[in-house]
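Heads up: the structure comes next, in C-alpha cells.
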C-alpha cells in the first residue's frame, strides 16, 4: 500500500512539473497572436481602403470593404484577425486567474474574434444599410456586429474586475477599467450614429475599435513577457 502511494505521489509531482514547464510555452502562441492581430487588422484595412476608389474613412463602415471590388482582402482580414483574437483570448483565460469576471471577459474577447470570422461569411449589402430593404445576409451581418461589438466593448471592464488579485496583472487593472469605459462610451456613440445615419459614423467606428484593439496589443505584449519570465 505504501509503495503504491509513493508511486502515485511521484507521478502526480511529475505531471505537475510538466504542466508548469509547458504552460508558458503554450501561452506564447496566444500572446504572439494578440500582438499580431491589431497590426494585421490595421494594415489590411488600410490596403483594402486604398484599393477602393472613393472610399471615405470618415463616413463609411469597415464592413463595406467586405463586399464589392477586392473584397477578398477585407474578408481575409476578418478571418485571420478573428482567429488570432480567439487564440489570444485562450491565453488570457489561462493566464489571468482572478475568478469569474476575468474568465467572462476573456470569453467575450474570444466571442468578438468569432464575430470577426463570421462577418466574412455574411458580408453586408452595399452601404451596410440598417433599414429596409435588407438582404438576409445583411440582417445576419447586423446581428453578428451587434453581438461582437458589445462583447469587445465590455470585455476590458469584465477583465478589470478583481484584476489586482493577480500580482502578474495588477498593474493593468486601472488601464483595463479606463479602456472599458472609453470603449463602452464610444460604442454607444457609434451605435447612435449608425441608427440615425449620422455623417461621421466611420470615424466613430474607428475611434471605438481603437481602444479595445490597443488594449489587446498591450495585454498581449504583457502576456508574452509573463510567459518568458515563467520559463526562466
Every residue from the stretch 184-218 that is surrounded by 22 or more Cβ atoms within 10 Å (Cβ to Cβ) and at pLDDT below 95: none
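For (1) touching a helix residue (DSSP H, G or I) at 6+ places or on another chain (Cβ under 7 Å); (2) under 20 Å from residue 190 (Cα atoms); (3) surrounded by 20 or more Cβ atoms within 10 Å (Cβ to Cβ), each residue gets a yes or a no:
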site: 54; (1), (2), (3): no, no, no
site: 63; (1), (2), (3): yes, yes, yes
site: 72; (1), (2), (3): no, no, no
site: 94; (1), (2), (3): yes, no, no
site: 108; (1), (2), (3): yes, yes, yes
site: 113; (1), (2), (3): yes, yes, yes
message: residue 169 - would you say it is touching a helix residue (DSSP H, G or I) at 6+ places or on another chain (Cβ under 6 Å) and under 30 Å from residue 63 (Cβ atoms)?
response: no
Index of the failed condition, residue 221 passing every other in (1) part of a loop (DSSP other than H, G, I, E, B); (2) surrounded by fewer than 15 Cβ atoms within 10 Å (Cβ to Cβ); (3) touching a helix residue (DSSP H, G or I) at 6+ places or on another chain (Cβ under 7 Å): (1)
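Using the structure shown, decide if residue 153 is under 24 Å from residue 91 (Cα atoms) and either free of Cβ contacts under 8 Å to residues at least 40 places away in the same chain or not in a helix (DSSP H, G or I) (or both).
no
Only one of these is surrounded by 21 or more Cβ atoms within 10 Å (Cβ to Cβ), part of a loop (DSSP other than H, G, I, E, B) and either over 11 Å from the mean Cα position of the chain (by Cα) or free of Cβ contacts under 8 Å to residues at least 12 places away in the same chain (or both): 123, 129, 133. Name it.
The match here is 123.
A quick yes/no check of all residues on (1) part of a helix (DSSP H, G or I); (2) surrounded by fewer than 18 Cβ atoms within 10 Å (Cβ to Cβ); (3) at pLDDT below 95; (4) in contact with a helix residue (DSSP H, G or I) (Cβ under 9 Å, 6 or more places away or on another chain):
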| residue | (1), (2), (3), (4) |
| --- | --- |
| 12 | yes, yes, yes, no |
| 26 | yes, yes, yes, yes |
| 32 | yes, no, no, yes |
| 77 | yes, no, no, yes |
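The values are calculated or read from the model by the stated rules, or taken from the named source; none is laboratory data. It should be emphasised that the depicted structure is a prediction, and the values quoted were computed from it without experimental measurement. Because the Cβ atoms are built from the backbone with ideal geometry, glycine has one as well, and the counts that use them run over all protein chains shown.
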